[in-house]
Amino acid sequence: MTPQMIFLMFFGGAAVWFGIVVFRTLSMVRSALALLFSQTAVGVMFLLMQAEFLGVLQIMMMATEMSVMAIFMVMFMMDPGGMGAMDMTHQKRLSLWAGGIGFVAALAVIWLADWGPANLQIPDATEQTAELGRELLGRSMFIFESAALMILTAMVAATMVAIHPSEGRKR
Amino acid sequence: MRGARHGTMNALQRIAAAAMSRDLCGFVVPGAEIARAVGIDLGDAGLRLSTTPRHANVLVVIGRLPAGLLDAASVVYAQMPRPRAILTLGTNDISPLPVPDATGPLTQAGLEAAIADIRRIFAMAAFQPDVENFEAPTLETSTEYTCPMHPEVVQEAPGNCPKCGMTLVERETAGSAHRGHAVPEQKREVAAQKHSKPVAVCHDRSKGGHSADGDNHEQHKTHGSGHKQHHMRAKPDSTEAPLQYTCPMHPEVVSDEAGSCPKCGMHLVPVAEAGGHSGHDHKAHGKAHDEHSTDNHRGGHGGHGGSERVEGVEAHFMSMVDLTRDMPASADGLKMEWIDVPFGPFFPGLPGGLQLKLTLDGDAVATTSADSLVGSSDPLPANPSSPIEFVDHLAALSPLSPVAYRLLACLALEKAAGQSVAPDIARARLAVVERERVASHLGWLAVFGAQSGSSWIEKRAAAFQLKVQGAAATDVTTLKPKISTFLAKLQRTPLLAARLSGIGQLLANDTLSGPVARASGMASDTRSDDPVYAEIGFSVLTMTDGDALARLVQRCNEITQSLDLISAVGSVARLEPHSIGAASGTGEAVVETPRGAARLSLTLHKGKVIAADIKTPTTAHLALIGDVAEGQELGDALTGIGSLDISPWEVTS
Amino acid sequence: MTVLIVLVALAVGAYLVAVLESWAVHGRLEPARPAISALALLGRESLLARTPDRLFFEAGPVVLLLAGLLAVAVIPLAPGLIVTDLATGALFLNAALAYVLVALIMAGWGPNGAYAMIGGWRFLGQFVAYAMLIVMPITAVAMRAESLSTVDIVTSQSTLWNIAYQPLGFVLFVAAAMGLCWLPPLDLPTARGDLAGGIEAEYTGARLAVLRLARMVLIMALAGATVTFYLGGWLGPWLPAWAWSAIKILFVAGLMVSVGRLVPRVREAQYLEISWKLGIPLALANIFLVGVITLVVPI
C-alpha cells in the first residue's frame, strides 16, 4: 500500500462523505458547498492519480459552479438557512430505487469492464497538457464545439423562460 | 474601566493593552458631521473612526443626545467587543449607557484631554478580573409569531396563519422600536427572516404525529402511500375521480378530505391545483381548473385560473409559482428574497440620527421608510421664554446649521417687535449665513466622500469645513482660491460623474427647496427677494438635470458663490438678537438655510415668545427618500438619499 | 527551506503593504501601525454573532487565507525560489483564487447578518466581471510562453516584458485583480458607505485579524501574479533576482492599495456593465492579437 493509495482512499472517502452531507444538511448553502467539497475531493484524487491538468481544472471549475448553485438555491428554496427545519424531500421511494439501481450499475461496470493493463509510463504534466490540447483541438473538437453551442443555446433559452412571466405581467 | 475584558493583566495582556491604548478606534454618535459642525477634528486628535461598532473600542458621544438616540447608542455600545470605553464631550448624562470613562468639554482641547485619559485607562485597566455586564434595555427581546409566507401576519400567541393556515413561526423581536445601527439582535432577526423567510416550520408536530423527518411508516398508515398517490395524480383525465387534497409543500401528504397538513399545518389544496398538472394533457388540466375554480378557501394560494397560467411553466408541488402568487414581486420578477434591513441612525454615509428601514430585494431597494430620531416637534422651549432663550433654543435644534436658524429667530423677533436693523448689520448677518452655507456644503461633501469611499474628498472637504467655520472675512478670502481649486479638482475626479449621474433624479415640484430644488432647475431661493442680497449682486444659480450629480455641482457652485458674497461684504459678525423689550405682536421670517427655505412665525406677548411655528425644508425632503431610493440598487439608493443632504435634526412633525 | 523563505518574504511584504495601505487610508506614515493594530485586535474579544452558521463563520477567513497561500505557492521569486513549479501553475493560480469567492460566501453567510450576507452575494454577483478578466489575460500570457508553468512564463519575457507585449492584458488583469481582492474603488463586498463593512462587519478580535491577514496575503499573491505574468518576474539588470521580485511586487501592491482612494467607489451595475460589455471583448481581442503576434513576429 503506497502513500498515494492511502491518500486516494482518504479523498475518495471525503468525496463520498461530503456527498452524503449534501443531503443530510437542511441549509441550502451548506448543501451546495458540501457538494463543492465533494467535487474538490474528486479533483484532488485526479491530482493524486497524476492527472494534473484535469485535477486543477476540476478544483477550479467546481468552486464557481457550486457557488452559483448556492445562490440559486437561496433564491428559490423555501428555507435556505435550514432554520425552519423544513423537510424538503419527496418521492423518497422512487429516489431510493433510482439511486440503488444506479449504484449497482456503477459497481457492475467497475467490476465487469475490462480496464486493460495499468499504464506505468505516465507522461509528465507538461506532456499531458499538450496531449489534452491536441485532443481537444483535434479529434474531439467537433464534440466540444457542439457541446459549447448547446450550452449557449440552453443559457439563452433559460433566460427567455425566466423573463417570460414578467412579460406576461406587463400585459 | 467598566468595559474591560475579563482577565488579569499579565505580561501578554499588558502588551495587548499598550497596543490598544495606541490604537483607539472610535465610533462616533451621532456622527462625525456633528463633531465637525461644532469645530472638533477627531482625526487630528489621534482617533481613527470605525464604520461599524464591531471594530471600535471607544464610543464617542458628541453633545447631548435625545432619548431615542441614547437608546440606539446603548445598542451600539452593547455591540462593541471588550475592552471598550465611552468618551463623552459636553455631556455627562448618557443613561441608559454606563457612566463615561472619560469626559470633557465640547472643544478640541477637551477631546484631546479625554483621549489621553482613555489611553491611560486602556493601558492600565483593559483587562479586569471582574467585569460588569451591560444589557441595552432596547435589546430585551420578546417572542412573536409570524407566518413564513405572509410577513405581515404577526401575532403574540402561536397559532395558524389566518391567510394560508400555515403554522406560525416563532421569532424574537426587539423589545421596542427598531433602533441602532447594525444591531446584532435586529440583524439576527432580519437575517433570520431571510433564512427562515418562507419556512414551513413543523412546530406543531403532535398534530399529525410525525416528526419532521417524516416517519414514513406511520404516514402510510394515516394517509396512504405517497408514492401511490403520485400515481393517482398522474391520471387526472378522469374528471369523475374523487377529489383529493394535498399539501402544497408536502406532496406525499394526500387526503380525501380537506384539512390541514400534518407536517406543516397548511391548508390542503385540491390535487389538481396544488400541482397536479396532468403531465401534458392540457384538456384534463383545464377541466380540473374549472372544477376547482370555486374553491377559494385557501386565501389565494393555488387558486390560479386559466388566465394567470403561464404557458410552459408547469405548476408542480412546491411550485414557487403557486406559493409566491400573492407575494409582492419586484422589478426582476423574483419573489421571496426580501429582507428588512435597518440603516442608521449611525450608519456611515448617512447623517447621524436618520433611521432608514429598507426592504431589500436582493441588492435592490423595494420599499423604504425613513424616520428621524432627533427631530423635534416643538420649536418653543418648554415654558414661555425670553427672546434670548428662544434664539438659543432654535439654534440648538439644528446643530448642522445653527447660524441660519439663529438668524431666522432674530428676524422673526424683530418683525414681531416692529424693529429694523441697520444696513451694515444686515450685511454682516448675510456674510455669517453665507459662511455657514459654505461650511455646511463642505460638510456635505465630506459625508459624500465617506459614503462613496473616496477618502481624499472626505479629508480635504472636512479640513476646509473646519477652517471656514468661524473664520474672519479676510481668512475666508485667503481660503477662497484653495477651496476653488479643490472644488475644480473634485469635479474632475475620474468616475465621479459615472457614479452620480442619473441617480435620484427629481423633477421640479413644490416640495423641493434649497440646492435640491435649484439642481432641478427651479429658481427657488428666498435670497432673491432680499434687498440686501440684491445690493451685492446676488443671482440664483440653477442646474437642470436634477440628479445627484447636479446636486453636487450645484453645491460646489453655491460654495463659490457664497465665498464671493462674503468677500463682497468684507466682514462677518456674530449674530446677537436685539433687545426686544416688552413688545407684543406677531412676526414671520424666512431664511434660506443651506438646505432650503425655513419659515418661522411667532407671537410675542410682553417680550416673551408664547407661540411659534416653524417649517423646515428637511421635513419635506424626508418624504423624497422613497422616490429617490425605491427600485434602485442599494448603493445607488444610498447615494441618492445622501445627495438630498437631509438633516434629521431639522425634521419637525 | 524554500517554503520558509517564501513565507518570511510574504510576511515582510504583507507588513510593508499594510503600512502603505494605512498611509493611503489615514494619510500618516506610521511603520509600527500594522503591528500595533494586530496586537490590539488580538487583545479584543472575538464575538460570535447570534445564531450564526458557526462552521462557515469560522471557516471563511481560514479558507481565504489558504486560498491566498496556495496562490503564492506557484509564484516564483527567483530562479529556484518557488514553492512548487507546477506544469499547470497558471491554471493552479486560478483554481486557488476561485476559492476566494467560496471564502467570501462563507464569511458573508456565516454571521447571519444582513450587511455581511449582501456583501458576500455581491461578490458572487460580480464573479464573471473579475474572473473572466483574470483568466483570459492569463490565457494570452500562456500562449506567448507556450507553457502554463509560471517559471516558463517569466523566462519567456527575457527579451520583452509582457507589459509591453500585451499592454491591454496588463490593464485588464490589474483591474480584475483589484476587484478580486476588493480594493477600492471596487470594494463592493465591504463597501463602507453601503454596507458598513459588509463581510467584515461581524468579525471581531482574532477572527478579524485572520480575515485582514488573509486579505493582505491575497493582495500579495495578486501583485506577485501581476509581476510574474507582465513585469518579467525576477528579470532585471544589476540587482539580484530576488531583489527585483521584491521591488516589483511591492510597487504593484502599493499601487493597487493606494490608487483607488482617489476615486469614488464604482457602482455595482456599472462595474458589471463595463466588465461584460467592454472588458471581455477587449480580453478576447487581446488573445487574438497576442496569437497573431506570436505566430507572425518571433520576439
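Stokes-Einstein at 4 °C, 1.567 mPa s, Kirkwood radius from Cα pairs: D for chain A in µm² s⁻¹? Stokes-Einstein gives a translational diffusion coefficient of 66 µm²/s.
For segment B:470-551, the spread of Cα coordinates along the three principal axes comes to 39, 35, 20 Å, biggest extent given first. Put in line by how crowded their Cβ is, counting other Cβ atoms within 10 Å and starting with the fewest, B:Arg437, B:Arg120 read B:Arg120, B:Arg437. Using 1/(1 + (r/R0)^6) with R0 = 56 angstrom and r between the beta carbons of B:Ala113 and B:Leu507, what's the FRET efficiency to the nearest 0.05? My answer for the efficiency is 0.65.
The distance between label points at B:Asn92 and B:Gln155 comes to 5.2 nm (points 7 Å beyond Cα on the Cα→Cβ vector). The calculated FRET efficiency for the pair B:His605 and B:Asp44, based on their C-beta separation and a Förster distance of 56 Å, comes to about 0.75.
Segment C:239-271 and segment C:1-60 have Cα centres lying 18 Å from one another. What the Cα atoms of segment C:82-197 give is an Rg and a Dmax of 16.5, 53 Å.
Extension gain, B:Ala472-B:Ala422: 0.36 nm per intervening residue step, less the Cα-Cα distance, totals 15.9 nm. Taking the C-alpha atoms only, the angle from helix C:54-73 to the longest principal axis of chain C is near 20 degrees.
Over all Cα atoms in segment B:365-437, the spread is summed up by Rg and Dmax: 15.6, 54 Å. Equivalent ellipsoid of segment C:2-296: semi-axes from √(5λ) of the C-alpha gyration tensor, largest first, are 31, 22, 17 Å. Evaluated with a Cβ-only charge set (Lys, Arg +1; Asp, Glu -1), segment A:1-143 carries a dipole of roughly 480 debye about its Cα centre, given to the nearest 20.
Remark on segment C:85-134: ratio of C-alpha radius of gyration to 2.2 N^0.38 Å is 1.35.
Among A:His90, B:His393, the order by Cβ neighbours within 10 angstrom, fewest to most, reads A:His90, B:His393. By the gyration tensor of its Cα atoms, with a ≥ b ≥ c the square roots of the eigenvalues, what is the shape of segment B:422-577: rounded for a/c under 1.5, prolate for a/b over b/c, or oblate? Oblate, because a/c is 1.5 or more while a/b does not exceed b/c.
Specify the residue with the greatest mean-square fluctuation among A:Met75, A:Met66, A:Met150, computed from a Gaussian network of chain A linking alpha-carbon atoms under 10 Å apart. Per the Cα network of chain A with a 10 Å cutoff, A:Met150 tops the list. When the C-alpha to C-alpha distance is required to be over 28 Å, the pairs from B:Lys482/C:Lys277; B:Lys482/C:Lys248; B:Lys415/B:Lys615; B:Lys459/B:Lys480 that qualify are B:Lys482/C:Lys277; B:Lys482/C:Lys248. For the peptide A:16-29, the mean number of other protein chain Cβ atoms found within 10 angstrom of a residue's Cβ is 1.
Angle of helix C:127-145 to the longest C-alpha principal axis of chain C, folded into 0 to 90 degrees and rounded to 10: 30°. Legend: ranking of residues C:Trp109, A:Trp17 from fewest to most surrounding C-beta atoms inside 10 Å; resulting order A:Trp17, C:Trp109.
Rounded to the nearest 10 degrees, the inclination of helix A:141-170 to the longest alpha-carbon principal axis of chain A is 10 degrees. Note on segment A:1-80: Rg/Rh from C-alpha atoms, Kirkwood Rh, equals 1.07.
Rg and Dmax over the alpha-carbon atoms of segment B:5-128 stand at 13.7, 42 Å.
The numbers here are math on the coordinates, done by the rules we state, and not lab data. These numbers were taken from a predicted model, which means no experiment stands behind them. We place every Cβ from the backbone using ideal geometry, glycine too, and count neighbours over all the protein chains shown.
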